[in-house]
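Participant: Shown below is the structure under consideration.
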Amino acid sequence: MPRPKGRYDSPLADDPSRLTRGEKYELLADEAKTAEAKGLEWVGEATGMAQASGKVLVAASDRRKSDPSGRTINQLMKLSK
């Protein structure tokens, strides 16, 4: 399936086998950064956050409201950086 145009900077993105390791990492990191909005949508009204950490999106939500100040989630997110 072809990728949407304009989503990737590299002209080689249509053929991932031709990308260097750094270019692959960059593409994945961009996708994780783009997905932050979806992560925040997943958190919803609960206490939580979503952040890209390299090529991974880390999202945490406190749906039970056991930590309304968000300190625990904040500590987790600091570890993921």
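Conditions tested, residue by residue: (1) surrounded by 11 or more Cβ atoms within 10 Å (Cβ to Cβ); (2) at pLDDT 85 or above.
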position: 1; (1), (2): no, no
position: 8; (1), (2): yes, no
position: 53; (1), (2): yes, yes
position: 76; (1), (2): yes, yes
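Participant: Quick one: count up the residues across the range 24-41 that are buried (at least 16 other Cβ atoms within 10 Å of the Cβ) and among the acidic types (Asp, Glu).
Facilitator: Residues that pass the stated criteria total 2.
Participant: Going residue by residue through the range 30-44, is there one that turns out to be at pLDDT below 95, farther than 17 Å from residue 80 by Cα and not in a helix (DSSP H, G or I)?
Facilitator: yes
The values are calculated or read from the model by the stated rules, or taken from the named source; none is laboratory data. It should be emphasised that the depicted structure is a prediction, and the values quoted were computed from it without experimental measurement. Here the Cβ is made from the backbone with ideal geometry for all residues, glycine too, and neighbour counts use every protein chain on show.
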